[in-house]
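First comes the structure, then the notes that go with it.
Every number in this text was worked out from the coordinates using simple rules, so none of it is lab data. All figures in this text were calculated on a predicted structure; none of them were measured in a lab.
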């Protein structure tokens, strides 16, 4: 199993999106920790153009966004590994790139939410 994982991450179309996704998740966590002060007041967690702020909650709930990005990245990596062992390399590539794109979009969501709350 470890041999499959090692060969799985030797391919550039798997390794680089995984690195981008990891950096995005770490960037999200560090940015949230440095930007929001640990006060007891609530923050805006969702904003729409029609209704404005429509979800307010505790400060720790914003850490759900990096958690979602992490679980999507790990899930896509696991599915990509399974697809790679079944000789479905194209699906593995799409899952890896998809995880990186989702992580980038969730990083943008964190940036916009922090801009809204600070």
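Structural size metrics of the chain, computed from C-alpha coordinates, are Rg and Dmax of 17.0, 52 Å. Taking 73, 44, 103 as the candidate residues, the one with maximal mean-square fluctuation in a Gaussian network model of the chain, Cα springs under 10 Å, is 44. Only helical runs count toward this figure. For the chain, summing -39,500 (n - 2.57) over DSSP H runs of n ≥ 4 and dividing by all residues gives -24000 deg cm²/dmol at 222 nm. Average 1/r across all pairs of distinct alpha carbons in region 1-62, invert it, and you get the Kirkwood radius: 14.9 Å.
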